[in-house]
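Student: This is the structure I have questions about; it appears just below.
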Amino acid sequence: MTYESAAAFAQTSGLLYFVAIFAAVALYAFWPRNRTRFDAAAHLPLVED
């Protein structure tokens, strides 16, 4: 395995890894069950003691 092929493999696998992580975070953020939790967290700074 040459340096060029190892570097190409590392770049491709890293890209796929970060795309998968981004997709997982986006799915978690936009999942309908989490809407109430995020809405409550969004209004938290406006709540007075």
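Derivation of every value follows stated rules applied to the coordinates shown; laboratory data play no part. The model shown is predicted, which means the values in this text are computed figures rather than measured ones.
Student: Determine ³J(HN,Hα), in whole Hz, for all residues of the stretch 39-49 in sequence, where each value follows from phi through the Karplus function 6.51 cos²θ - 1.76 cosθ + 1.60 and θ = phi - 60°; x replaces Gly and Pro.
Tutor: Ordered by residue, 3J(HN,Hα) equals 5, 5, 5, 5, 8, 4, x, 8, 7, 8, 5 Hz.
Student: Here is a further query. Suppose only helical runs count, i.e. DSSP H with n ≥ 4. What mean residue ellipticity at 222 nm does that imply for the chain under -39500 (n - 2.57) per run, divided by all residues and rounded to the nearest 500 deg cm²/dmol?
Tutor: -25500 deg cm²/dmol
Student: For q = 0.14, 0.21 Å⁻¹, what log10 I(q)/I(0) does the chain give under the Debye formula with an equal point scatterer on each alpha carbon and no solvent?
Tutor: The Debye formula, applied to the Cα set alone, gives -0.57, -0.78.
Student: Calculate one ³J(HN,Hα) per residue across the stretch 3-9 by plugging θ = phi - 60° into the Karplus curve 6.51 cos²θ - 1.76 cosθ + 1.60, and present them in order as whole Hz with x for glycine and proline.
Tutor: 4, 5, 6, 5, 5, 5, 5
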